[in-house]
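S.K.: Take this structure, written in structure tokens, and hold onto it; I'll ask about it next.
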Amino acid sequence: MATKSSEIKALATDNHYPAILKLIEDIKPYGLTLDVPAGQGAFALELLKLGYDNIYCLDINSDDFKVSNPKVHFIQHDVINPLPFPDEYFDNVFSIEGVEHFENPFVFIKELCRVLKPGGRLILTTPNTFSVDARLKYLLSGYFPRFKPLMQEPNEVMKKPLEDAHISPVYFWQLNFFLLQGGVQIARISTNNLLYKSQWYKRIAERLIARLIRNNIKKRSFPDMGVTSEAVLFGDCLILEGIKRKSI
């Protein structure tokens, strides 16, 4: 008997899955799908509801995985090692709030790209280090949002709850570089939640800083790719949708 979805804990915060599912709601499910890290299988259940029917779930902890469905295949795997699939194997690859937990984040990203078919879709999410709030926190206190335990209690980080066990803050342009190296072009950038300060004077200060950032990028003719969007400048976590280049 399949485990009830109410008994399965989501890998990410409550607003992550709805934001991701909204991105793909108009895309007809097809082909092979990879979900890594899969956690207890909560996101796989959401994909099943949309009609995805051949889902491979990878996670280091097999004891936590709770989905029992013939359309979902679980493989225990530590992503410190290459993914156990051939090149260009999957039509869809999802990695929800995983890369920031890994010692080898960019090797992992290259692996996600490697197993994705040309024309395939990659959805990757990670805490936003490019927001106004993140830049100020790093400037003034030396840490990014969702990474405070890495500064305060480095020896205890991996013993903390999943949402605090973050060790690899990702710089957007590095992320873009390694995706491009893997043949994946970012098509859309969105977020799970827009965070605006509750105090009026802090909101004004954030807006002024956002304007400075936008003007500076425009003045210097820097590439944008969405880094001046509301999603990036005020988003909690980044949701990146990438498409792998088709072979010529």
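S.K.: What's the percent breakdown of Cα-Cα distances in region 103-163 across 5 Å bins, shortest bin first?
M.R.: So the P(r) values, bin by bin, are 4, 15, 17, 17, 18, 14, 9, 5, 1.
S.K.: Any idea what the relative contact order of region 187-248 is, in percent, if you count C-alpha pairs under 8 Å spaced at least 6 apart? Display every interim value, and only then the final one.
M.R.: On the way: 56 pairs, mean separation 37.8, N = 62.
In percent, rounded to a whole number, it is 61.
S.K.: Could you work out how far apart the two model spin labels at residue 219 and residue 152 are, taking each label as a point 7 Å from the Cα in the direction of the beta carbon, and quote it in nm?
M.R.: It works out to 3.7 nm between the two label points.
S.K.: With 10 angstrom as the radius, rank 23, 34, 240 by how many other C-beta atoms surround their C-beta, starting from the fewest.
M.R.: Numbers: 23 15, 34 24, 240 21.
Final ranking by Cβ density, sparse to dense: 23, 240, 34.
S.K.: In addition: Which residue, chosen from 184, 134, 199, occupies the Cα position most advanced towards the positive end of the dipole of region 74-213, where the dipole is computed from +1 (Lys, Arg) and -1 (Asp, Glu) charges on Cβ about the Cα centre?
M.R.: In region 74-213, that residue is 199.
S.K.: So how do 135, 220 line up by other beta-carbon neighbours within 10 Å, fewest first? Write down the numbers at each step before the final one.
M.R.: Numbers: 135 15, 220 7.
Placing the least packed residue first, the sequence is 220, 135.
S.K.: Evaluate the Kirkwood expression for the hydrodynamic radius of region 83-211, namely the inverse of the mean inverse distance over all pairs of different C-alpha atoms, and round to one decimal in Å.
M.R.: Details: mean 1/r = 0.0611 Å⁻¹.
About 16.4 Å for region 83-211.
S.K.: Dividing the alpha-carbon radius of gyration of region 38-136 by 2.2 N^0.38 Å (N being the number of residues), what value is obtained?
M.R.: Values: Rg = 14.3 Å, N = 99, 2.2 N^0.38 = 12.6 Å.
Relative to the rule-of-thumb radius for its length, region 38-136 sits at 1.14.
S.K.: Could you tell me how many cubic angstrom of Cα convex hull volume region 1-81 has per residue? If you can, show how the numbers build up before the last one.
M.R.: On the way: hull volume 8.1 nm³, N = 81.
About 100 Å³ per residue, rounded to a whole number.
S.K.: Separate question: If you wrap a convex hull around the Cα atoms of the chain, how much volume per residue is inside, in Å³?
M.R.: Working: hull volume 34.6 nm³, N = 248.
Convex hull of Cα atoms, per residue: 140 Å³.
S.K.: How large is log10 I(q)/I(0) at q = 0.25 Å⁻¹ when the Debye formula is applied to the Cα atoms of region 145-199, each weighted equally and without solvent?
M.R.: Rounded to two decimals, the profile gives -0.96.
S.K.: I've got another one for you. Just to be sure I understand: if I project the alpha-carbon convex hull of region 140-248 onto a plane and average over all orientations, what area do I get in nm²? If you can, show how the numbers build up before the last one.
M.R.: Numbers: hull surface 37.5 nm².
Seen from a random direction, the Cα hull of region 140-248 projects 9.4 nm² on average.
S.K.: Can you flag which of 28/66; 9/49; 28/246; 22/110; 22/66; 219/244 are past 22 Å Cα-Cα?
M.R.: Details: 28/66 26 Å; 9/49 17 Å; 28/246 19 Å; 22/110 26 Å; 22/66 24 Å; 219/244 31 Å.
Where the Cα-Cα span goes over 22 Å, the pairs concerned are 28/66; 22/110; 22/66; 219/244.
S.K.: Next question, about the same structure. Can you tell me the orientation of helix 172-181 relative to the chain, as the angle in degrees between its alpha-carbon axis and the longest Cα principal axis, to the nearest 10?
M.R.: On a 0 to 90 degree scale, this one is about 40.
S.K.: Next question, about the same structure. Could you size up the charge dipole of the chain around its Cα centre, putting +1 on the beta carbon of Lys and Arg and -1 on that of Asp and Glu, and report it in debye to the nearest 20? Present the calculation step by step, with values, prior to reporting the outcome.
M.R.: Working: 30 positive and 28 negative charges, 253 e Å.
Approximately 1220 debye in magnitude.
S.K.: Another one. Using the alpha-carbon centroid of each, what span in Å lies between region 189-235 and region 45-89?
M.R.: Centre-to-centre (Cα) distance: 36 Å.
S.K.: Ok, one more. What order do you get for 186, 217 when you list them from fewest to most C-beta neighbours inside 10 Å?
M.R.: Values: 186 18, 217 14.
Listing 186, 217 from fewest to most nearby Cβ atoms yields 217, 186.
S.K.: In degrees, nearest 10, range 0 to 90: what is the angle between the Cα axis of helix 200-219 and the longest Cα principal axis of the chain?
M.R.: Roughly 80 degrees between the two axes.
S.K.: For the chain, take the longest principal axis of its alpha carbons; what is the angle in degrees between that and the long axis of helix 132-141, to the nearest 10 within 0 to 90?
M.R.: Relative to the chain, helix 132-141 is tipped by roughly 70 degrees.
All of the numbers you see were taken from the coordinates with simple rules; none came from a lab. Keep in mind it's a predicted model, so treat the numbers as computed, not measured. So basically every Cβ, Gly included, is an ideal-geometry build from the backbone, and we count neighbours across all protein chains shown.
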